[in-house]
Amino acid sequence: MKLSVIGCGYLGAVHAAAMASIGHEVVGIDVDAEKVRRLSAGEAPFFEPGLNEILAAGVESGRLTFSTDMADAAGSRVHFVAVGTPQRHDGAGADLTFVNAAVDALAPHLGAGELVVGKSTVPVGTAERLRPIVERTGARIAWNPEFLREGFAVADTLTPDRLVYGVTGGSDSEDVATLDEVYAPAIAAGTPRLVTDFATAELVKVSANAFLATKISFINAMAEIAEATGADVTMLADAIGHDARIGRRFLNAGVGFGGGCLPKDIRAFAARAEEIGRGESVQFLKHVDEINLRRRQRVVDLLVDSFGGSVVGRRVAVLGLAFKPDSDDTRDSPALDVAVRLHGLGADVVCTDPEAIDNARRQHPQLTYERDLDRALEGAEAVVLVTEWREYRDLDPVAVAGAVARPLLVDGRNCLDPVAWRAAGWTYIGLGRP
Ligand code: UDX
């Protein structure tokens, strides 16, 4: 099928390449000429495992092209809108500038019978609002939220755990048949597929992210209680996680959640709920956000305490800048935030990350970055692990103890074995762990 994907960021670039890999003819459109140049050369403009391979294969096959010209989307049967919906600069709500601009720019190129499919995460009511702009052209609109996780984006796109189609015509509509054709391999593999109205589809996405954020903040709240009582939050998570109704996943206490989705999505959801007069219903999301942000400060406080009240001039190695491993994304990253806060307190911070240094440097040029892990650790008076990359989890506590000036470790992700690190002479400080 001939498809266009408007917006080639973390979501759109992966979607375009994945759709080409299952045999569709895809054009990706983005306003950023440099991004389009790199994608056209089969090169991912950001780090995502497996993306370079399917991008290169798609470009090579001739089925995957990229352009800055919206006119190149003309003639596609389905147009995916995959632009960003960041947090507004002047508030907590979602900034819909890019979604609105994408649909306005696409409209003149739409033809009768074509389908515009929103994938961006939007406040409930957006699809209905955009509907007349699309329908005026003879095209139709559907909302098909995307649940991909960074680091697993290719697999999540090709083999999603569910498909949600928000449509106007119900299960038997032509739009559903069209989307089934787009996702034919996933449908054939028996992927659960739910057909809903617009509002439900929009809410599925934000409520899924709200639930995940709540789960993380719940365990981080328990970490706060554990810290006051001498309990161990990781054991607590293991124990409650055995209850199948609770489940162990997303119960890792630590420095908290970040990234381009969870933080802004819960804020936008709360803001939208206020607008529709139901602010009370999701008031708890404000607490979820607050608990989450408190954990960043907690890491800083633990470190300051370990230096007897001041980190001024103290050499601190910060391991990790990305908001999670296997990503170079530093948007709202707790790791980068911790580094910035320590720097602000006068510490001599040296930051390292396998992939995220360039993005971090663009946001915070004032920090000192070191690509080489050994050099970052050299002479450190404290080590703070804030992104649980495999190479950090695999560090040998004995070898690292030999490199640093003082063996003090704050494990902001509770991902190291305290017994092994203490045995190697380290003062090990976890979050919510004695
Ligand atoms: C999230 C959703 O998972 C995904 O379905 C949606 O489409 C986009 O938002 P993503 O932002 O890629 O995906 O990251 P995710 O894996 O959900 O992690 C989010 C943050 O939570 C990370 O900072 C991670 O470190 C943190 N986290 C996750 C925890 O602190 N504890 C956990 O137990 C799990």
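Count of the stretch 220-233 residues, restricted to those that are surrounded by fewer than 22 Cβ atoms within 10 Å (Cβ to Cβ) and either within 11 Å of the ligand (Cβ to nearest atom) or over 22 Å from SER207 (Cβ atoms) (or both), is 9. Taken over the stretch 44-86, the criterion of being in a helix (DSSP H, G or I) and either assigned by TED's automatic domain parsing to the domain that holds PRO325 or more than 24 Å from the chain's Cα centre (by Cα) (or both) is satisfied by ALA57, GLY58, VAL59, GLU60, SER61, MET70, ALA71, ASP72, ALA73. Please indicate, with yes or no, whether at least one residue in the stretch 270-279 is surrounded by 17 or more Cβ atoms within 10 Å (Cβ to Cβ), out of contact with any helix residue (DSSP H, G or I) (no Cβ under 7 Å at 6 or more places or on another chain) and not β-branched (Val, Ile, Thr). Scanning the stretch 270-279, I find at least one residue that is surrounded by 17 or more Cβ atoms within 10 Å (Cβ to Cβ), out of contact with any helix residue (DSSP H, G or I) (no Cβ under 7 Å at 6 or more places or on another chain) and not β-branched (Val, Ile, Thr), so the answer is yes. Go through the residues of the stretch 129-137 one by one and say whether even a single one is within 24 Å of THR85 (Cα to Cα), of a type outside the set (Lys, Arg) and in contact with a Gly (Cβ under 8 Å, 6 or more places away or on another chain). Within the stretch 129-137 (the criterion being within 24 Å of THR85 (Cα to Cα), of a type outside the set (Lys, Arg) and in contact with a Gly (Cβ under 8 Å, 6 or more places away or on another chain)), the answer is yes, since at least one residue qualifies. Just give me the residues in the stretch 144-198 being of a type in the set (Val, Ile, Thr) and touching a strand residue (DSSP E or B) at 6+ places or on another chain (Cβ under 9 Å), in sequence order. Once the filter is applied, which keeps residues that are of a type in the set (Val, Ile, Thr) and touching a strand residue (DSSP E or B) at 6+ places or on another chain (Cβ under 9 Å), the stretch 144-198 yields VAL164, VAL167, THR168, VAL176, THR178, VAL182, ILE187, THR191, VAL195, THR196. From the list GLU135, GLU146, which one is more than 16 Å from the ligand (Cβ to nearest atom), among the acidic types (Asp, Glu) and modelled with pLDDT of 95 or more? After applying the criteria, what remains is GLU135.
Which members of the stretch 154-173 meet the condition of being away from the ligand (no atom under 12 Å from the Cβ) and part of a loop (DSSP other than H, G, I, E, B)? Correct list: THR159, VAL167, THR168, GLY169, GLY170, SER171, ASP172, SER173. Condition first: part of a helix (DSSP H, G or I) and small (Gly, Ala, Ser). Can you find one or more residues in the stretch 252-262 that meet it? No: zero hits. Only one entry in TYR392, TYR369, TYR428 is farther than 30 Å from LEU251 by Cα and at pLDDT 95 or above, namely TYR369. For THR85, indicate whether it is under 19 Å from VAL167 (Cα atoms) and in contact with a Ser or Thr (Cβ under 6 Å, 6 or more places away or on another chain). In short, no.
The values are calculated or read from the model by the stated rules, or taken from the named source; none is laboratory data. Source: prediction; values computed, not measured. So basically every Cβ, Gly included, is an ideal-geometry build from the backbone, and we count neighbours across all protein chains shown.
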